[in-house]
Amino acid sequence: MERLHRGRRPLSTPIPEEDLRLSVVIPVFNEEATLEDCVARVLAEDTPKEIILVDDGSTDRSPEILRELEGRDGVKVVRHDRNLGKGSALRSGFAAASGNVVLIQDADLEYDPEDYPALLKPIVQGKADVVYGSRFLVREYARVHLYTHYLGNRFLTFLSNLVTGLNLTDMETCYKVFRRDVVDRLSLKSRRFDVEPEITAKVARMRCRIYEVPISYAGRDFSEGKKISWKDGLVAIWAILKFRFTD
């Protein structure tokens, strides 16, 4: 199932598979338990790619692991001296990316790189400028979590849709994929998790052609290292309203 937001922009030109240059941007903050496995799984996926790992001031073994990964072909590492937040990490990663398509990947193994072909397809075919991977349009599997988490995600998506005019099912998803020209126009301001509603507000304002595709999802709980909390939800509500009217 795919959902389409019809904007006013003309169809994007297709990107032949031989011309596809994918940049995978991975923010990293204290992900020593999953970092190596995540990079291995991204590298094992068949799409030719570069990986940009942004160490956002990690204080565990992540910097050491990144030094080992940095020598691998196609792997770049960008470092922040202190923790600045996911939005700041994405800005640094986007600036370092050289591909004509950019994909956001979390380092915590909640999202499956085997979904890349499905995420890339609407862009490669010239149908989309932006693709969101929806956790609520399940492809193969989705871990069951607390109903309150589900309600929180759905409420934030509802509020975002209300102010942007989109019809998304999952605004807060990590898996967002962009044509390069969209990334170059985003001009992100948010430092932390409020970057998700900011991205959505700005691609809506650009009249980007947005697709959703179903993905698999193996979410963590807080005992397993999940970092987002109800406070981030309040910040997201403020960001949804703020970016409706400002850049």
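Pick out the one residue from 45, 64 that is at pLDDT 95 or above, out of contact with any Ser or Thr (no Cβ under 8 Å at 6 or more places or on another chain), over 25 Å from residue 215 (Cα atoms) and of a type outside the set (Lys, Arg).
On the way: 45 fails: over 25 Å from residue 215 (Cα atoms).
Criteria check complete, one pass: 64.
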### Message
What's the total number of residues in the range 76-119 that are within 14 Å of residue 23 (Cα to Cα) and among the small types (Gly, Ala, Ser)?
### Response
7
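Of the residues that sit in the range 179-197 and are of a type outside the set (A, V, I, L, M, F, W, C) and within 24 Å of residue 115 (Cα to Cα), which one is surrounded by the fewest Cβ atoms within 10 Å (Cβ to Cβ)?
Taking the range 179-197 and keeping what is of a type outside the set (A, V, I, L, M, F, W, C), we get 179-181, 184-185, 187, 189-192, 194, 196-197.
Filter once more, so that each one left must be within 24 Å of residue 115 (Cα to Cα): 179-181, 196-197.
Working: 179: 21, 180: 17, 181: 12, 196: 28, 197: 28.
For the range 179-197, the residue satisfying everything is 181.
Please determine, by comparing only the residues of the range 134-163 that are at pLDDT below 85 and assigned to a loop (DSSP other than H, G, I, E, B), which one is surrounded by the fewest Cβ atoms within 10 Å (Cβ to Cβ).
Kept after step one, since they are at pLDDT below 85, are these residues of the range 134-163: 138-153.
Checking which are assigned to a loop (DSSP other than H, G, I, E, B) leaves us with 138-141, 143-146.
Working: 138: 12, 139: 18, 140: 11, 141: 10, 143: 12, 144: 7, 145: 14, 146: 9.
Out of the qualifying residues, it is 144.
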#### Entry: Within the range 180-206, tally of residues that are under 16 Å from residue 163 (Cα atoms), aliphatic (A, V, I, L, M) and part of a loop (DSSP other than H, G, I, E, B)
1
### Message
Tell me whether the range 89-99 contains one or more residues that are buried (at least 22 other Cβ atoms within 10 Å of the Cβ), part of a helix (DSSP H, G or I), in contact with an Asp or Glu (Cβ under 7 Å, 6 or more places away or on another chain) and at negative phi.
### Response
yes
### Task
State all residues of the range 1-39 that are at pLDDT 90 or above, part of a helix (DSSP H, G or I) and of a type in the set (Asp, Glu); if no residue qualifies, say none.
19, 36, 37
## Note on the structure
Pairs returned, first residue in the range 45-72 that is assigned to a loop (DSSP other than H, G, I, E, B), second residue that is among the aromatic types (Phe, Trp, Tyr) and modelled with pLDDT of 95 or more, beta-carbon separation under 6 angstrom, 6 or more apart or interchain, are 45/116; 47/116; 58/29
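Return the residues of the range 18-35 that are acidic (Asp, Glu) and closer than 27 Å to residue 54 by Cβ; say none if nothing qualifies.
Taking the range 18-35 first, the residues acidic (Asp, Glu) are 18-19, 31-32.
Those that are acidic (Asp, Glu) and closer than 27 Å to residue 54 by Cβ: 19, 31, 32.
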### Task
Kindly indicate which of 131, 54, 102, 77 is touching a Leu at 6+ places or on another chain (Cβ under 6 Å) and either of a type in the set (Phe, Trp, Tyr) or crowded, with 24+ Cβ neighbours inside 10 Å (or both).
131
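The values are calculated or read from the model by the stated rules, or taken from the named source; none is laboratory data. Note that the structure is a prediction, hence the values are computed from the model and not measured. Cβ: placed from backbone, ideal geometry, glycine included. Neighbour counts: every protein chain shown.
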